[in-house]
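Have a look at the structure below, then the notes.
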Amino acid sequence: MHDFTNLHTIQQLLSDGATNCPALTTHYLAHIDEGAELNAFISVFKERALAQAEAIERKRAQGTAGALAGMVLAIKDNIVLDYGGTTCGSEILRDFKAPYTATVLQRLADADAIFIGKTNMDEFAMGSSTENSAFGAVRNPVNRERVPGGSSGGSAAAVAAGMCTAALGSDTGGSIRQPASFCGVIGLKPSYGRVSRYGLVAFASSLDQIGPLTRSTADAAALLQVMAGHDPLDATSASLPVPDFSATLEGGIAGMRIGIPKEYYEEGLEEPVRQALSDTVRFFEELQAVTVPVSLPHTPYSIAAYYILANAEASANLARYDGAHYGVRAGQSPSLEEMYVNTRSRALGAEVKRRIMLGTYVLSSGYYEAYYNKAQQVRTCIRADFEKAWRQCDVLLTPTCPTTAFRIGEKVADPLTMYLSDVYTVSVNLSGLPALSIPCGRDTQGLPIGAQLIGRPFDEGTLLRLAHLMERHFIPARQVLTNGMG
């Protein structure tokens with residue numbers, strides 16, 4: 001069986017004539033069928049993906065294929081495509097068909113990536129376990145009794161199970177990095193503004209960012225290269241030049257200052273995670289990097305600030321799902337107001353309702369100053385903490401999550417405990433910084449542990465270079481493929 005774990009290997013096999021794009025796509029489609037129990041996909045584009053593969057194979061024969069020819073990509077189902085559906089994991093959008101394609105997907109299609117399907121997710125990206133989907137929970141391919149993380153759990157599970165070359169996720173408070181950590185793959189959250197959000201269904205517009213989940217750092221660099229750059233359709237996308245991310249992968253790190261924030265290594269961190277991060281620190285020190293203790297003193301307030309701000313933005317963004325404009329509509333309602341109430345009551349899940357109510361509350365008269373305004377002030381303090389840290393170091397190294405993947409159902413009844421899964425990731429979104437999770441070990445039960453690298457604004461290149469070194473040391477045997485697939 002051929003090794004289809006990364007684009008470089010795939011393109012070499014294509015060049016050697018050992019496989020072709022239709023055969024490659026068929027291989028992944030078979031793996032999706034074999035792994036149906038994982039529930040990683042909401043929809044699969046079998047015929048269209050094969051047709052795409054045939055067209056790209058013809059381009060390859062003519063020497064006109066794009067940079068991503070051979071990349072079979074899964075897409076989180078909150079990124080719109082003008083075919084198939086875009087459900088956001090919600091009953092309210094079960095039959096919704098988007099009339100346009102997101103900028104990132106158009107750029108990837110132009111580079112000849114093949115879209116194989118849309119992945120399962122927490123409803124409207126609200127969750128840390130992908131148990132909040134109207135289409136059922138996703139299982140972790142490493143251990144099927146465990147969650148894959150969330151909200152991009154379907155994308156992480158699909159990559160880890162060898163159902164695609166790579167996948168796209170979205171990250172509002174850790175929704176790429178936490179699933180990457182739980183499933184043992186690489187997950188990159190770019191700087192806010194690096195990648196267009198046009199066509200990403202909004203959860204919290206000042207926090208959301210699209211990024212890749214992959215099994216190699218080189219694939220993350222290749223995908224970011226194509227996706228990044230200013231988009232006139234997105235006013236929040238940055239008008240900055242896009243560096244050659246692939247060229248930044250190689251090179252030493254002697255003298256690089258790696259900050260170790262003490263607040264990320266305190267009570268609540270499981271011992272196997274602490275040990276794996278200690279091993280990572282030693283690895284970098286052996287490469288002559290310099291580790292520097294730093295402090296991010298407002299970290300303890302990040303979860304509270306995040307869940308006020310994210311829910312406030314969600315309250316506003318999700319007001320459009322009322323049954324009047326698009327999506328599911330409750331029938332037999334005697335008035336317009338009752339139609340709104342009936343539609344949202346029946347077609348939105350419990351977690352989404354909880355967050356809308358919390359967000360509406362903190363924006364309401366009498367509470368705006370006490371909660372929303374205060375959270376914005378905390379956000380400013382958190383950003384200032386990072387800015388101070390950059391005067392002492394070039395990059396930060398932290399755990400991605402305080403624990404490894406927990407059991408399905410374990411935290412559903414305790415939302416606060418579930419929210420604390422994101423304790424090490426939300427500060428990055430509040431500050432608009434780039435961050436990457438990469439496997440750095442396993443616990444005694446064989447569950448993956450992720451290390452998080454946090455970079456200066458728009459310095460994804462440094463994160464990718466460090467991750468590339470870690471990849472060679474910590475995942476030499478492609479250990480993420482644990483279920484016999486791929």
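Going through Gly70, Gly89 one at a time, which residue ends up being touching a residue at least 12 places away in the same chain (Cβ under 8 Å), more than 28 Å from Tyr419 (Cβ to Cβ), surrounded by 18 or more Cβ atoms within 10 Å (Cβ to Cβ) and of a type in the set (Gly, Ala, Ser)?
That would be Gly70, the only listed residue that is touching a residue at least 12 places away in the same chain (Cβ under 8 Å), more than 28 Å from Tyr419 (Cβ to Cβ), surrounded by 18 or more Cβ atoms within 10 Å (Cβ to Cβ) and of a type in the set (Gly, Ala, Ser).
Does Glu338 satisfy the criteria of being of a type in the set (Asp, Glu) and within 25 Å of Glu123 (Cβ to Cβ)?
yes
Residues of segment 166-221 being over 13 Å from Glu460 (Cβ atoms) and of a type in the set (S, T, N, Q), which ones?
Passing the criteria: Ser170, Thr172, Ser175, Gln178, Ser181, Ser196, Ser205, Ser206, Thr214, Ser216.
Given the criterion more than 23 Å from Gly184 (Cβ to Cβ), crowded, with 17+ Cβ neighbours inside 10 Å and touching a strand residue (DSSP E or B) at 6+ places or on another chain (Cβ under 7 Å), identify the matching residue among Ala289, Ala220, Ala310.
Selected residue: Ala289, the only one of Ala289, Ala220, Ala310 that is more than 23 Å from Gly184 (Cβ to Cβ), crowded, with 17+ Cβ neighbours inside 10 Å and touching a strand residue (DSSP E or B) at 6+ places or on another chain (Cβ under 7 Å).
In the set Gly150, Gly174, which member is surrounded by 24 or more Cβ atoms within 10 Å (Cβ to Cβ) and free of Cβ contacts under 8 Å to residues at least 40 places away in the same chain?
After ruling out the rest, the residue left standing is Gly150.
Under the condition of being hydrophobic (A, V, I, L, M, F, W, C), in a helix (DSSP H, G or I) and touching a residue at least 24 places away in the same chain (Cβ under 8 Å), which residue from segment 42-59 is nearest to Met121 (Cα to Cα)?
Ala49
If a residue counts only when it is in contact (Cβ under 8 Å) with a residue 40 or more places away in the chain and more than 28 Å from Val201 (Cβ to Cβ), which helices (runs of 4 or more DSSP H) contained entirely in segment 317-413 have at least 1 such residues?
374-389
Out of everything in segment 442-486 that is small (Gly, Ala, Ser) and at pLDDT 95 or above, what residue ends up being nearest to Tyr264 (Cα to Cα)?
This residue is Ala451.
I'm checking my understanding of the structure. Among residues of segment 370-427 that are farther than 20 Å from Tyr265 by Cα and among the hydroxyl-bearing types (Ser, Thr, Tyr), which one is surrounded by the fewest Cβ atoms within 10 Å (Cβ to Cβ)?
Only one residue fits best here, namely Thr380.
Which residues, taken from segment 1-28, are surrounded by 20 or more Cβ atoms within 10 Å (Cβ to Cβ) and assigned to a helix (DSSP H, G or I)?
Leu7, Ile10, Leu14, Cys21, Leu24, Thr25, Tyr28
Counting only residues that are within 25 Å of the chain's Cα centre (by Cα), among the aliphatic types (A, V, I, L, M) and surrounded by 14 or more Cβ atoms within 10 Å (Cβ to Cβ), how many does segment 29-61 have?
7
Only one of (1) within 20 Å of Gly174 (Cβ to Cβ); (2) of a type in the set (Ser, Thr, Tyr); (3) part of a strand (DSSP E or B) fails for Thr291. Which number is that?
(1) is the only condition that Thr291 fails.
Given (1) part of a loop (DSSP other than H, G, I, E, B); (2) small (Gly, Ala, Ser); (3) in contact with a Leu (Cβ under 7 Å, 6 or more places away or on another chain), identify the lone condition not met by Gly259.
(1)
Within segment 264-273, work out how many residues are charged (D, E, K, R) and either touching a residue at least 60 places away in the same chain (Cβ under 8 Å) or over 17 Å from Thr403 (Cβ atoms) (or both).
Residues flagged as charged (D, E, K, R) and either touching a residue at least 60 places away in the same chain (Cβ under 8 Å) or over 17 Å from Thr403 (Cβ atoms) (or both) within segment 264-273 amount to 1.
Among the residues in segment 249-256, are any in contact (Cβ under 8 Å) with a residue 40 or more places away in the chain, more than 30 Å from Ala347 (Cα to Cα) and within 24 Å of the chain's Cα centre (by Cα)?
yes
The values are calculated or read from the model by the stated rules, or taken from the named source; none is laboratory data. Everything numeric in this text was worked out from a predicted model, so none of it was measured. Using ideal geometry, Cβ is built from the backbone for each residue, glycine included, and neighbour counts are taken over all protein chains shown.
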